[in-house]
Amino acid sequence: MFYVGIDISKLKHDCIILDDSTKVVVPTFSFPNNASGFDLLLNAMSQFDKESLKIGFEAIRHYGANLKNFLYKNGYSFAEINPMLIHNFSKQKSLRRTKTDSVDAKKIATFILQEGSSISSILPYSISELKALCRFRFCLMNQRKLYLLRLNNILDQIFSKFYSLFETKLTVTAFYIISHYGSVQSIATLNSRSYEVLRRVSRNNFSLSQFVRMRHLAKNTVGIQSEILNYEMKTVLSLLTDVTEKIEYTEKMITKAISKLNPPTLSIKGVSAISAAIILTEYGDVNRFSSPNAMLSFAGLEAIFYMHKP
């Protein structure tokens, strides 16, 4: 076997290839993060059978995305390694704090050689793409939380009693009311025809007594009546609608992708397609974990018990 260590950076990468005895078979060389640079890497690896190569690099932000795509399209398997594993490995091997790109590339190659069992499972690039999609969904979800928080703050100022009408913070009915009727003045003047619309929107969950109470609260609110706040609320509602649509579309893409992969996690009762995708992309091959406790520790969910002295 031959071990390819690649040190990733923004504008260029450094590569070295070792054999089973840690002998350098291809000395360290740099190649730019572009098409001509990737051709240099391909030429260096072309003298070896693809099955005899173990390629690894640290998982550093998005800097290795183009390289991963290139390797995948050319039929090469690769492993993204947690930088902390490389750091701890190098500390065990030497107390010297040498830090150069060429040295780092060799550390990575040596790590693959000596610790190969811990990185033997290499995710296909299709799963790496799914991982990016799951994390993008997470970003969108956080953005929606910020919009919901801002909307809640605005409503507290203009109609503080509004959420008391609903069991949850923002039901479909609640969202329909504030997005279609807008101001407190409009809500206060709703008629029976408006109630029929709301009853259908809520699928009969919004009662007439709730409707009457809502109008009463709107007429007697002490909230701030401001054109600026009304404008801000409309803008946040628009942003909230947009990000919600993006989340739904992203979830459809995730569901489609995970269905094609059809991992065992998808067959677990109570585990949704989204959850199955997150488990697969974040954990990878579960066989690399020695026990369920190891999986919990990896996820940061391991129980910690503190002893308190009396």
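The values are calculated or read from the model by the stated rules, or taken from the named source; none is laboratory data. Computed from a predicted structure; not experimentally measured. Using ideal geometry, Cβ is built from the backbone for each residue, glycine included, and neighbour counts are taken over all protein chains shown. Note: accessible area is taken over every heavy atom of the protein model, side chains too, but ligands, DNA and RNA are not part of it. Shrake-Rupley method; radii C 1.70, N 1.55, O 1.52, S 1.80 Å.
With the cut-off at 24 Å, tell me which of the pairs K131/K252; K12/K73; K50/K260; K145/K252 have Cα atoms farther apart than that.
K50/K260
Every helix of 4 or more DSSP H residues in the chain counts as -39500 (n - 2.57), and over all residues that averages to -17500 deg cm²/dmol at 222 nm. Surface composition of the chain: carbon and sulfur make up 55 percent of the accessible area, probe 1.4 Å. When V271, V26 are compared by accessible area of protein heavy atoms, the largest-first order is V271, V26, using a 1.4 Å probe. For the range 176-238, trypsin sites (Lys or Arg not before Pro) are listed when DSSP marks them as loop and at most 11 other Cβ atoms sit within 10 Å of their Cβ; the list is R203. Of the beta bridges in the chain, as assigned by DSSP with both residues counted there, near 60 percent are antiparallel. So if I take the centroid of the Cα atoms in the range 18-87 and the same for the range 197-237, what is the distance between those two points in Å? Centre-to-centre (Cα) distance: 59 Å. Rounded to the nearest 10 degrees, what's the angle between the helix 101-114 long axis and the longest principal axis of the chain, both from Cα atoms, 0 to 90? The helix 101-114 is inclined about 90 degrees to the chain.
For K54, the residues whose amide H sits under 5 Å from its own are F2, Y3, V4, ignoring neighbours fewer than 5 places away on the same chain, with H placed 1.01 Å from N. Residues in the range 3-75 average 50 Å² of solvent-accessible surface per residue, probe 1.4 Å, ligands and nucleic acids excluded.
Starting from the Cα of K10, draw a straight line to each of the aspartates and glutamates and keep only those under 17 Å, dropping any in the same chain fewer than 8 residues away. Cross-link targets: E58, E80, D101, D104. Between S267 and Q225, the FRET efficiency estimated from the beta carbon spacing at R0 = 45 angstrom works out to 0.25. Near H13, the amide H atoms lying under 5 Å from its own belong to F31, N33; only residues 5 or more places off or on other chains count, and H is placed 1.01 Å from N.
The longest part of the chain holding none of the exposed loop GluC sites (Glu not before Pro), meaning those outside H, G, I, E and B in DSSP with at most 16 other Cβ atoms within 10 Å, is 168-301.
Taking Cα atoms only, the orientation of helix 35-45 departs from the longest principal axis of the chain by about 40 degrees. 3J(HN,Hα) along the range 230-237: 5, 5, 4, 5, 4, 5, 5, 4 Hz, from the Karplus curve 6.51 cos²θ - 1.76 cosθ + 1.60 with θ = phi - 60°, whole Hz, x for Gly and Pro.
Farthest towards the positive end of the charge dipole of the chain, among the residues L85, P32, I279, is the Cα of I279, using unit charges on the Cβ of Lys, Arg, Asp and Glu.
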